[in-house]
There are 2 protein chains.
Amino acid sequence: MKKINIGLIGLGVIGRGVLRILSQKRKFFKKRYNVDFNIAKVCDKNPKLRKKLNLSPKIFTTKFQEVINNDNINVVIELIGGINPARDIVLRSLNSGKSVITANKALLAQDLLSILKVASRNKSRIRFEASVCGGIPIIKSLREGLSADRIDSLIGIINGTSNYILSKMTGEGCSFFEALLEAKKRGFAERNPSLDIKGFDSAHKLSILAFLAFGKHVLQKDIFVKGIDEISPLDIKYARELGLVIKLLAIAKKSNKNVLEVRVHPTLISEDHLLASVGGVFNAVYVKGELVDDLLFFGKGAGQLPTVSAILSDLIDLSYEKKSIDLFQKGLIKKIKKIDDIRSKYYIRFMVIDKPGVLAKISGILARRKISIASVTQKERQRAKIVPVVMLTHDVRGRDIRVALEEIDRLAIIKKKTVVIHREEL
Amino acid sequence: MKKINIGLIGLGVIGRGVLRILSQKRKFFKKRYNVDFNIAKVCDKNPKLRKKLNLSPKIFTTKFQEVINNDNINVVIELIGGINPARDIVLRSLNSGKSVITANKALLAQDLLSILKVASRNKSRIRFEASVCGGIPIIKSLREGLSADRIDSLIGIINGTSNYILSKMTGEGCSFFEALLEAKKRGFAERNPSLDIKGFDSAHKLSILAFLAFGKHVLQKDIFVKGIDEISPLDIKYARELGLVIKLLAIAKKSNKNVLEVRVHPTLISEDHLLASVGGVFNAVYVKGELVDDLLFFGKGAGQLPTVSAILSDLIDLSYEKKSIDLFQKGLIKKIKKIDDIRSKYYIRFMVIDKPGVLAKISGILARRKISIASVTQKERQRAKIVPVVMLTHDVRGRDIRVALEEIDRLAIIKKKTVVIHREEL
């Protein structure tokens, strides 16, 4: 029977889960896959964890060097997160011919290409199913399940915290801050939730997914990112009246053969679309391929056990000594489109003084920018003499809508910064 | 560059699709995966296809023996369907060390174990992603993506024809036959649709999925199968009034550690469940694992291009010389539960004479069988003096409900055979 010696670095919630489940299932894996997964070294910078987790001093260390310099170790599982020293751990492990499993989306989003180059140069292997969407096997599906296809678009709800907050606001009409508070109480939001609610966590994951789907590594700076912290219950309500739901979507799609759009922002979609039914902390990824057409993958995007499942499936894969499919796609994508150049539909809410001629002024400016309007509704008055006016546009260029709204917001009839939200017909 | 010589047997819609897409993408695959997929032999019993498809006489044959006895061929793609001579083709190819790709669900449902044994004995490989759910990578996900987990239950909408018919009946209130006619017109139902609408196609696929999920090969005779041909618009309407939707579900779930339930039947589920939103010809598989919890896979379950995508992804997998994960799970399942012993919730519609005391008689018989009732509603009269009475039960044993309804249907107050439909709380 083959024996795999594992070095596990990082004993947070996920690391402890790997430790526990691997020892629980060691027998099962022997029987099922004819391989013995042996935890050879465990590392965490907190020395107290050794006693707390009842680990032998031979196995436990506080120095990651003792793991990555250990010649007996075949697979390093990196679960400390962040860029440093995680990058060092990953690169040095790959350099010494070890296989690496990581759940580190921030690191991959930044350094995917250089990491893959080091792996390729050393004929070592890296796996990262757990970095995106927890237990959903989306990486394997894109890389292997759809290996014969070309992807046209990929649209995901890939941040559970944001989706929980939006679902709660939609279901109960509460404010963003009330929903965030509840998310924190229930352990669905971190104490500092800004990575999640500002959209950057989604952007990290989208960078990884877009690479697998389109063969292009898109850096953070080339991804348009907008979070959910400015979404108000008012817009959720007006959206519902239009049969629409607001979701934080991560979108990567080809505008044509070699131009890609990559963006994360709150988006209005039809309440009939399957993505609209993805509630709470769940994640989902919608993929459209030339051959497969529409596919949806849905599941728990985070949490200890789903993430452990992803890590262990990578481990089992590695034990089967597959040659990795070469991740260096000779991608066709030559260009990432800027948000100013992307055509999209929009929802706009103006807060205007309730008097005749207001709409004429606004639509005059929009017309000059060639912004074509699909519908206009004047809503019930909010406060003395201020009424919300909700507009849906047809497809318009990002730059045009931006410049038009800057101009409109300078008018005296506008009493509050105009709200603008992307809209997608999926 | 590695060259793979392919023998393609069966030139129906899928076979022609493989031929076309493989030649279109040959260059792309060379560049992307560094492998040359060469169609060495093409076989169909219809000799006219050679000219029609413009195939060279060197490549085309009407005799499958010329494919499977050809030593140059590495991979045989079997796409003729049915048991004979497909089984012969598959077994003899595996016996001679060739790899086999098949989409033949009927064959696999019947002979999966013996086929796998032959493959294992000869160290040859068999792949069958296309046999279930077209372009959805469900086989790979169960086999590899969830390799570390144990599955508790698997529930699928895995027959597009039936789902189209039920969706149409639900959306438009039309009859089964009207919906079937429309399905035939639009090419979603075959001329003889009985395999689909009677549930046997779903049972074939369920047999394959259950093997992957639970390591137990369940034969057709051990699967309870009921089709959709007796579903009436009346029950769809009453179900909706209860917030329920009727779907043809294929269900495999563990009752406990080593007992499995495997069944296909129309089922009432909550309209809020994600499976209820799977409309038209789409397929979906809902999986619940100990670690991953809920997962859903959704997509086109049939059609030329999605199926070709599945076949070609198998081909690319094989070209990467992965060792196959041994499919012989040392399964824990010792027993398949009979429908009589399965506990389930039910929807029951009685057609009774509209007079006092009727309900007392019915509920008396149900009570004696210990069938606990969750709700009773008397509906508007249908015809002179006949009223529908709709009951929802709590969990009851199959045998109890069967025997009770046999007894009730003999009563003079019952004017039509009682309708009974399974109900699941997912």
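The values are calculated or read from the model by the stated rules, or taken from the named source; none is laboratory data. Computed from a predicted structure; not experimentally measured. All Cβ positions, even for glycine, are placed from backbone atoms using ideal geometry, and neighbour counts span all protein chains on display.
A few comments on the model shown:
- Hey, B:ASN46 at the interface with chain A (Cβ under 10 Å from one of its Cβ atoms) and surrounded by fewer than 20 Cβ atoms within 10 Å (Cβ to Cβ) or not: no
- Filter result for the condition that a residue is closer than 18 Å to B:GLN304 by Cβ and in contact (Cβ under 8 Å) with a residue 12 or more places away in the chain, over B:ILE80, B:ILE73: B:ILE80
- Any chance A:LYS63 is away from chain B (no Cβ under 14 Å), loosely packed, with under 14 Cβ neighbours inside 10 Å and in contact with a strand residue (DSSP E or B) (Cβ under 9 Å, 6 or more places away or on another chain): yes
- Out of B:ILE59, B:ILE68, B:ILE4, sole residue that is of a type outside the set (Lys, Arg) and free of Cβ contacts under 8 Å to residues at least 40 places away in the same chain: B:ILE59
- So A:ASP294, is it touching a Lys or Arg at 6+ places or on another chain (Cβ under 7 Å) and free of Cβ contacts under 8 Å to residues at least 24 places away in the same chain: yes
- Test: residue in segment B:286-306 that is under 15 Å from the mean Cα position of the chain (by Cα), among the polar types (S, T, N, Q) and modelled with pLDDT of 95 or more: no
- Segment A:96-134, subset touching a Gly at 6+ places or on another chain (Cβ under 7 Å) and at pLDDT below 95, residue nearest to the other protein chains (Cβ to nearest Cβ): A:GLY134
- Verdict on B:ILE138 being crowded, with 24+ Cβ neighbours inside 10 Å and in contact (Cβ under 8 Å) with a residue 60 or more places away in the chain: yes
- Of all residues in segment A:397-420, those that are closer than 15 Å to A:MET351 by Cα and touching a residue at least 40 places away in the same chain (Cβ under 8 Å) have Cβ atoms under 9 Å from Cβ atoms of residues that are acidic (Asp, Glu) and surrounded by 14 or more Cβ atoms within 10 Å (Cβ to Cβ), 6 or more apart or on another chain, in A:VAL419/A:ASP235.
- So A:SER93, is it more than 14 Å from chain B (Cβ to nearest Cβ), part of a loop (DSSP other than H, G, I, E, B), of a type in the set (S, T, N, Q) and touching a strand residue (DSSP E or B) at 6+ places or on another chain (Cβ under 7 Å): no
- Against the test of being modelled with pLDDT of 95 or more and surrounded by fewer than 17 Cβ atoms within 10 Å (Cβ to Cβ), the options A:ARG26, A:ARG16, A:ARG87, A:ARG92 yield a single qualifying residue, A:ARG26.
- Residue within segment B:43-65 that is touching a Ser or Thr at 6+ places or on another chain (Cβ under 7 Å) and more than 23 Å from B:ALA310 (Cβ to Cβ) present: yes
- Among the residues of segment B:19-41, those that are away from chain A (no Cβ under 14 Å) and touching a helix residue (DSSP H, G or I) at 6+ places or on another chain (Cβ under 7 Å) comprise B:ASP36, B:ILE39, B:LYS41.
- Scanning segment A:385-392 for any residue that is under 18 Å from A:ARG343 (Cα atoms) and either touching a residue at least 24 places away in the same chain (Cβ under 8 Å) or of a type in the set (Ser, Thr, Tyr) (or both) turns up at least one such residue.
- Within segment A:130-148, restricting attention to residues that are among the hydrophobic types (A, V, I, L, M, F, W, C) and assigned to a helix (DSSP H, G or I), the residue that is nearest to B:LEU312 (Cα to Cα) is A:LEU142.
- Neighbours by Cβ (under 7 Å, 6+ apart or cross-chain): first from segment B:149-162, of a type in the set (Ser, Thr, Tyr); second part of a loop (DSSP other than H, G, I, E, B): B:THR161/B:PHE188; B:THR161/B:ALA189; B:THR161/B:PRO193; B:SER162/B:ILE228
- Of all residues in segment B:96-121, none satisfies the criterion of being more than 25 Å from A:GLU144 (Cα to Cα), touching a Leu at 6+ places or on another chain (Cβ under 8 Å) and assigned to a loop (DSSP other than H, G, I, E, B).
- Candidates are the residues of segment A:260-283 that are of a type in the set (Asp, Glu) and surrounded by fewer than 19 Cβ atoms within 10 Å (Cβ to Cβ); the one that is nearest to A:ILE165 (Cα to Cα) is A:GLU271.
- Subset of segment B:395-426 (residues that are over 24 Å from B:GLU271 (Cα atoms) and of a type in the set (Lys, Arg)): B:ARG397, B:ARG399, B:ARG402, B:ARG410, B:LYS415, B:LYS416, B:LYS417
- Of the helices (runs of 4 or more DSSP H) entirely within segment B:192-242, none holds at least 3 residues that are among the hydroxyl-bearing types (Ser, Thr, Tyr).
- The one condition in (1) touching a strand residue (DSSP E or B) at 6+ places or on another chain (Cβ under 6 Å); (2) over 30 Å from B:ILE251 (Cα atoms); (3) surrounded by fewer than 13 Cβ atoms within 10 Å (Cβ to Cβ) that B:GLU380 fails to fulfil: (1)
- Residues of segment B:162-208 that turn out to be of a type in the set (Asp, Glu) and surrounded by fewer than 20 Cβ atoms within 10 Å (Cβ to Cβ), as a count: 4
- Restricted to strands (runs of 3 or more DSSP E) entirely inside segment B:274-393, those with at least 1 residues that are touching a Pro at 6+ places or on another chain (Cβ under 9 Å) and facing chain A (nearest Cβ under 10 Å) are B:282-289, B:293-300.
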